[in-house]
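Encoded as structure tokens, the structure appears first; notes follow it.
Every number in this text was worked out from the coordinates using simple rules, so none of it is lab data. Values in this document were obtained by computation on a predicted structure and should not be read as measured data. Glycine also receives a Cβ, built like all others from the backbone with ideal geometry; neighbour counts cover every protein chain displayed.
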Amino acid sequence: MPVTHTPKPKGVSDVVSNLLQPSLTSHFDVLIGLPPGSLGTRLRSFLGAKQDKLHLMCSDAVLPGSSLATTEMNNDFTGVTERHAYRRIYDETIDLSFYVDAENHLPIRFFEEWISGIVNEDQEEALAKNYFYRVKFPDDYIADQGLKVVKFEKNIQTKRNIAGRSISLPNKNAATLEYQFVRSFPRSITSMPVTYDASSLLKCSVQMTYTRYVVARSYGNKGGGVFNPFQQSQFNAGGFLSNTAGNLVDSVVDRITGNDFVGDVAGTIIGEADIYLPL
């Protein structure tokens, strides 16, 4: 028998509890997985202690999508066409955008290093007229695991009064979505235009390809960990104007901490300092 549904009026409390707590796009964290073997060692050596800095520089990411491939069945019932799923199809790539720091150009150099390692490119030999590439075996340049996009909300941290001091602690009841990507590597780096016109922040956009992803829901602070908002200002080293740096720090601190006030404070401090911050 068909299920009947009887509409009923909604109270203000229903609207407040269900509709006024939307998820925000600005609260996420990205972790980059590295391949094994000699290429992974080479990339780890290149990053050194700056791997967390690379993660913080990610300004835009995409929560991936998928679809089901179906086949039509026409023989079971006369005049009826049924569709049955036979496999899951994932997006080809996940797009990531990174702010580029003025001192090291870290995102550009890191992903160029990875792609160069995939094709065994030698910078000096590559200038030769008859140079040819020798591509590595896939298992040598693909990161089996490690690439993650973690979506969290503003309540990722909670305030506790301990010994008369207000301290931010992980909120064990805060839900997060963690997308884990299997067998990922950078497929392309998008060209980055530069111009003598009005100056703006330089961004590096990368397309990471993968085999599939797995979504897990968890509780607690699984995103950025215990975050110091003033660390975010470090990738402004020597390149951005102070007001631009303030806005940049504000937006990224908001994203990582989920706390608009902390972001405003950090952005104001950097914006009013009128200095370039050292690494």
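With both labels modelled 7 Å from their Cα along Cα-to-Cβ, the THR78 to SER97 distance reads 5.8 nm.
Scanning residues 5 or more positions from SER59 or on other chains, those with amide H under 5 Å from its amide H are SER97, PHE98, TYR99, with H placed 1.01 Å from N in the peptide plane. Determine the shape class of the range 70-218: with a ≥ b ≥ c the square roots of the Cα gyration tensor eigenvalues, call it rounded for a/c under 1.5, and otherwise prolate if a/b is greater than b/c, oblate otherwise. Note, shape of the range 70-218 comes out oblate.
Using 0.36 nm per residue, how much length does the chain from LEU201 to VAL3 gain when fully extended, once their Cα-Cα distance is taken away?
Values: separation 198, 0.36 × 198 = 71.28 nm, distance 5.55 nm.
In short, 65.7 nm is gained.
Estimated from the Cβ-Cβ distance and a Förster radius of 41 angstrom, the FRET efficiency linking THR71 and VAL214 is about 0.95. When the listed pairs LYS50/LYS172; LYS53/LYS148; LYS151/LYS172; LYS10/LYS151; LYS53/LYS154 are checked against a 23 Å cut-off, the alpha-carbon distance exceeds it for LYS50/LYS172; LYS10/LYS151. How would you classify the range 99-154 from its alpha-carbon gyration tensor, with a ≥ b ≥ c the square roots of the eigenvalues: rounded for a/c under 1.5, else prolate if a/b is greater than b/c, otherwise oblate? Oblate shape, in that a/c is at least 1.5 and b/c is the bigger or equal ratio.
Separation of the range 7-53 from the range 79-140 is 22 Å, based on Cα centroids.
Residues of the range 27-50 falling in the label zone of ASP60, defined by backbone nitrogen less than 17 Å from a point 7 Å along Cα to beta-carbon, are 27-30.
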